[in-house]
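Here's the structure, in structure tokens; my notes come after.
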Amino acid sequence: MAELAGERPFPPGEYPVVVVGSGPGGLQSSYCLSRLGVEHAVLSRDEEPGGMFRLCPIYERLLSWTKPDAPFEPGTREYEWYDHNSLVAEEPENQASVVPFMNRSYMVPSRREMEQGLASFAEMAGVRVRYGCSWESTHRETDGRLLLKTSDGEYRCRAAVFAIGVTEPWKSPIPGIEAVPHYVEAGRPETYQGKRVFVIGKRNSGFELADGLLPWAKQILLGSPRPVDTSVIALSSVRVRYLQPYEDAGLGGGTFALDVALERIERTARGYRVVGSGTTREGSLDLEVDEVIAATGFGTPLRDLGNQCGVRTVAQGRIPTMTPYWESDSGSGIYFAGNASQGAAGLRKHGVGAASAAVHGFRYNARVMARHLTRTHLGISPPMERVGGDLVEFLLAEATRAPELWTQKSYLARVVREDGESEVLPLADWLDHPTPGSSAVAVEMNAEGEIYPAIYAERDGEVRECLLPPSALNRFEGEEYLREARSVCSRS
Amino acid sequence: MAEDLAERLSRFNLFSDLGRPHLEAIADPDRERWFSDGERILRRGMSGGGFYVVLDGEASVQVRGSELGRLRSGDFFGEVSTLLGVDPTADVVADGPLHCLEIPGPKLEAFLLDYPRVMLRMLQTEARRLQEALEWRS
């Protein structure tokens, strides 16, 4: 609920931690810090929660599912796997916040339903935000603390979490692209009625545009140098919609996905001229079109974090480089949450990437990040879980049920130390710095799409990997499976 | 404007036969990877590794912490374990910030078949390594 006038929380001053942003990354980070008892301020330039979901996806349909009815009840930990859009909480009543807003016309929520779900989470879970407070610049004090200057005044903190999205429109450096509107500036689908449209880019945002324009445009052409990787599009639950424009050519529908390196784009009296060379097939391309839209991606709006605080960036300044705990690797105490947490790529075993660019991945990153920040910068040990009983049985139960292991494959791992204390950690970091005698489990996927648990064990200074077999219905438990697991692990 | 990735690739022996459109197709931002100092890119005995070309920075090839070799801009690694379907026999560790191009293991075969000129260049490099190893033994 919006704070009453004159009751805005978090006036300028000193806080242990400051969180910037009120999208899903900011809300989840604040929730997790609160659960650890960490005092912090949350600042947002917006007037209400939701972040980029207040505006995007521009054609209103999200990529990831929320299944209102599932094998597990909303509110349980297991249900999180069936709901990729709600933020996660420890109280059942604060879980599954998107579900009540779904009208069930599709298992993928609309932008508006998502926005409502996020606002509901903020209200129910009591995430307070100072809205209308714009972060403007950053400085490092001589004592190492961070100083954030905002439209409301100055904030000092020991660590800051930037949950600012990957929202800054970015265009690839093609001569003439300046005149082309970016994805975020594209008009409503009906404004393209009867037009020939060239979309630069063949990734999600390109196909979202094409899907939206199919009922309106005269012809749609999508172009970028690299062929479409249908296996990447297929990872999204809207693949049927996105593959429609891709397969339209084969059906004779007049839409084409071109593998083309663009040389230049020129304005003409009627529209644009697009010039390039084929990549997969040789040949030159010279097209007259009515409209061009650049679906060429986004960057992180880092403001002065690079110049003032030494945050190193890559990809033409679009992505900050970070540790496996999402802390800038060149700016201590500067953390990233939300979509920007994709900057920590993890192991990418068999080329399988983490889901950190989506809510269902980064909501778990935020939980691990909050613990790391608390431990490293505030000197407070977050509570550990205690594991008793049979270790292999526990690890396999986690592989069967833990939503964070399922959505962050080969990325987040359940770690159990020799003394039985347990927590979820980034697999990459634990592999490189395991405590003696500790064990870990991750859910992994190979090139054939088989899903299986991997158990890792540190013994005598070396980590051994033990890959277990896949299982029907993905149940890695029961006496028979356990027997096989013990046998496989004793051999490796 | 800074040199773009396609231009950089064109100066590497591995990609030196390719024209600009093909280089742009290979230089996809999705394939770029960054590693911090001390991070491991390949891990000895761990499944699921990929093929990497060093774009910027240096890496150290290690077994149990002792260095067997160094990798610099234009060098590549991970092809042996990927092509043979076995786990890497050494660690590759970033020595300072490291920027690489990644072809995931399961995609390497198709990549080499798409760009046979790259495969030939890779084969020449492997032949040179074999020759050096044989010279060392004789």
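The values are calculated or read from the model by the stated rules, or taken from the named source; none is laboratory data. A quick note: this is a predicted structure, and the numbers were derived from the prediction, not measured. Neighbour counts are summed over all protein chains in view; Cβ atoms, including those assigned to glycine, are modelled from backbone coordinates with ideal geometry.
Pick from segment A:1-34 the residues that are at pLDDT 95 or above and aliphatic (A, V, I, L, M): which of them is farthest from A:ALA122 (Cα to Cα)? Among them, the one singled out is A:VAL17.
Got a sec? Which of A:ARG45, A:ARG61, A:ARG35 is surrounded by fewer than 24 Cβ atoms within 10 Å (Cβ to Cβ) and in contact with a Cys (Cβ under 9 Å, 6 or more places away or on another chain)?
One residue alone meets the criteria, A:ARG45.
Scanning segment A:323-339 for residues that are under 27 Å from A:PRO49 (Cα atoms), in contact with a helix residue (DSSP H, G or I) (Cβ under 6 Å, 6 or more places away or on another chain) and surrounded by fewer than 24 Cβ atoms within 10 Å (Cβ to Cβ) yields A:TYR325, A:GLY333. Only residues that are among the acidic types (Asp, Glu), exposed (fewer than 14 other Cβ atoms within 10 Å of the Cβ) and more than 25 Å from the chain's Cα centre (by Cα) were counted across segment A:438-483, and they come to 4.
Among the β-branched types (Val, Ile, Thr), within 30 Å of A:PRO453 (Cβ to Cβ) and away from every other protein chain (no Cβ under 14 Å), is that true of B:VAL80? For B:VAL80, the condition - among the β-branched types (Val, Ile, Thr), within 30 Å of A:PRO453 (Cβ to Cβ) and away from every other protein chain (no Cβ under 14 Å) - is met. In segment A:369-379, the condition of being surrounded by fewer than 24 Cβ atoms within 10 Å (Cβ to Cβ), within 13 Å of chain B (Cβ to nearest Cβ) and among the hydroxyl-bearing types (Ser, Thr, Tyr) is met by no residue.
Might you check whether a residue that is surrounded by fewer than 18 Cβ atoms within 10 Å (Cβ to Cβ) and either among the charged types (D, E, K, R) or in a loop (DSSP other than H, G, I, E, B) (or both) occurs anywhere in segment A:19-28? No, segment A:19-28 contains no residue that is surrounded by fewer than 18 Cβ atoms within 10 Å (Cβ to Cβ) and either among the charged types (D, E, K, R) or in a loop (DSSP other than H, G, I, E, B) (or both).
Out of B:ASP56, B:ASP28, B:ASP75, B:ASP4, one residue alone is of a type outside the set (Phe, Trp, Tyr) and touching a residue at least 24 places away in the same chain (Cβ under 8 Å). It is B:ASP56.
For segment A:147-173, the set of residues classified as at pLDDT 95 or above and aliphatic (A, V, I, L, M) consists of A:LEU147, A:LEU148, A:ALA159, A:ALA160, A:VAL161, A:ALA163, A:ILE164, listed by residue number. The residue that is surrounded by the most Cβ atoms within 10 Å (Cβ to Cβ), counting only those in segment A:383-420 that are polar (S, T, N, Q) and under 21 Å from A:TYR325 (Cβ atoms), is A:GLN408. Report whether or not B:GLY74 is facing chain A (nearest Cβ under 7 Å) and at positive phi. Spelling it out, it is not the case that B:GLY74 is facing chain A (nearest Cβ under 7 Å) and at positive phi. Consider segment A:256-270 and keep the residues that are surrounded by 12 or more Cβ atoms within 10 Å (Cβ to Cβ) and either among the basic types (Lys, Arg) or outside the structural domain of A:GLY201 (by TED's automatic domain parsing) (or both). The one that is nearest to A:GLY283 (Cα to Cα) is A:ARG264.
Among all residues of segment A:304-315, there is none that is surrounded by fewer than 16 Cβ atoms within 10 Å (Cβ to Cβ) and of a type in the set (Lys, Arg).
Yes/no matrix, rows are residues, columns are (1) of a type in the set (S, T, N, Q); (2) over 18 Å from the mean Cα position of the chain (by Cα); (3) crowded, with 18+ Cβ neighbours inside 10 Å:
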position: A:PRO71; (1), (2), (3): no, yes, no
position: A:PRO74; (1), (2), (3): no, yes, yes
position: A:ASN85; (1), (2), (3): yes, no, yes
position: A:VAL99; (1), (2), (3): no, yes, yes
position: A:TYR106; (1), (2), (3): no, yes, no
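For segment A:282-294, the condition of being buried (at least 17 other Cβ atoms within 10 Å of the Cβ), touching a residue at least 60 places away in the same chain (Cβ under 8 Å) and in a loop (DSSP other than H, G, I, E, B) holds for at least one residue. Once segment B:31-56 is narrowed to residues that are over 13 Å from B:CYS100 (Cβ atoms) and not hydrophobic (A, V, I, L, M, F, W, C), the residue that is nearest to the other protein chains (Cβ to nearest Cβ) is B:GLY48.
Applying the criterion of being more than 24 Å from A:GLY310 (Cα to Cα) and either within 12 Å of chain A (Cβ to nearest Cβ) or of a type in the set (D, E, K, R) (or both) to the residues of segment B:88-107, the residue that is surrounded by the fewest Cβ atoms within 10 Å (Cβ to Cβ) is B:PRO106.
Need at least 1 residues that are within 24 Å of A:ALA354 (Cα to Cα) per element, so show me which helices (runs of 4 or more DSSP H) inside segment B:20-138 make the cut, counting only ones lying wholly within it.
In segment B:20-138, the matching helices (runs of 4 or more DSSP H) lie at B:20-26, B:79-84, B:105-114.
For B:ARG64, indicate whether it is touching a Gly at 6+ places or on another chain (Cβ under 9 Å), without any contact (Cβ under 8 Å) to a residue 40 or more places away in the chain and more than 14 Å from every other protein chain (Cβ to nearest Cβ). So B:ARG64 fails the test. Look at segment A:459-486: where a residue is within 14 Å of another protein chain (Cβ to nearest Cβ) and a partner is of a type in the set (Lys, Arg), sitting 6+ places away or on another chain with Cβ atoms under 9 Å, you get A:GLY461/B:ARG64; A:GLU462/B:ARG44; A:GLU462/B:ARG64; A:VAL463/B:ARG43; A:GLU465/B:ARG43; A:CYS466/A:ARG491.
Against the condition at negative phi and more than 10 Å from every other protein chain (Cβ to nearest Cβ), how does A:ALA345 come out, does it pass? When the stated conditions are applied, A:ALA345 does not pass them.
Somewhere in segment A:409-419, is a residue closer than 14 Å to A:LYS349 by Cα, of a type outside the set (Gly, Ala, Ser) and out of contact with any Gly (no Cβ under 6 Å at 6 or more places or on another chain)? Checking segment A:409-419: at least one residue is closer than 14 Å to A:LYS349 by Cα, of a type outside the set (Gly, Ala, Ser) and out of contact with any Gly (no Cβ under 6 Å at 6 or more places or on another chain).
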